[in-house]
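The values are calculated or read from the model by the stated rules, or taken from the named source; none is laboratory data. Owing to the predicted nature of the structure, the values given are computational and were not obtained by experimental measurement. Cβ placement follows ideal geometry from the backbone for every residue including glycine, while neighbour counts extend to all protein chains displayed. Heavy atoms of the whole protein, side chains included, go into the accessibility calculation; ligands, DNA and RNA do not. Shrake-Rupley method; radii C 1.70, N 1.55, O 1.52, S 1.80 Å.
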Amino acid sequence: QVQLVESGGGLVQTGGSLRLSCAASGSIFSINVMGWHRQAPGKQRELVATITTFGGTVYADSVKGRFTITSDSAKNTVYLQMHSLEPEDTAVYYCNLKMPYGSDYWGQGTQVTVST
C-alpha cells in the first residue's frame, strides 16, 4: 500500500511564493517518477512538473522559470517551489507517483489560491 501526503498549499498574493511537499510511504520502488499535477475549476487536470529518481525533470511551459521541482530520495519526498505566482496558478495541486508495471498513485490534493 502506498500513501502520498501533501502539504504546503494556501492563499498567497500575486507575485508570492509557496512550497509544496509530498511524502510517499509504503512499498516504494527504487525507480520511479514523482510529480505534481493541478486542476482548476472547470478544467482538466494538467501536468505541472515531474522528476525521476535519476533527477530528470519535465515542466509545463506555463511554469518554466517560475516553479522548481526537487526530491529527497532518502525521504521519498518531492517538493515544488513556486515563485511569481499568478491567479492562473490557482488550482488543487495533486502529487503523483508512478512506478514500474503501471503502478500509479495520487495524493488527496492541496489547494493553492493566488489572489489579485
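Some points to look at:
- Virtual spin-label span in nm between Lys98 and Ser84, 7 Å along Cα→Cβ: 2.7
- Share of Cα-Cα pairs in region 15-77 lying beyond 17 Å, as whole percent: 46
- Restricting region 6-94 to chymotrypsin sites (Phe, Trp or Tyr not before Pro) that sit in a DSSP loop and have at most 15 other Cβ atoms within 10 Å of their own Cβ leaves Phe29, Phe54.
- Amide H contacts of Gly16: Leu85, each under 5 Å away and 5 or more positions distant or on a separate chain (H built 1.01 Å from N in the peptide plane; Pro and chain starts excluded).
- Springs join every pair of Cα atoms under 10 Å in this Gaussian network model of the chain, and among Ala49, Ala24, Ala60 the largest mean-square fluctuation is at Ala60.
- Available extension along the chain between Thr57 and Phe29 is 8.2 nm, counting 0.36 nm per residue and deducting the alpha carbon span.
- Gap separating the Cα centres of region 66-90 and region 1-51, nearest whole Å: 8
- Convex hull volume per residue, computed on the Cα atoms of the chain, equals 96 Å³.
- Accessible area per residue, Å², the chain with all protein chains present, probe 1.4 Å: 54
- Choice from Gly56, Gly42, Gly26 showing the highest fluctuation, given a GNM over the chain with Cα pairs closer than 10 Å: Gly42
- Cα-based reach from Lys43 at 21 Å (exclusive), listing lysines while leaving out same-chain residues under 8 positions away: Lys64
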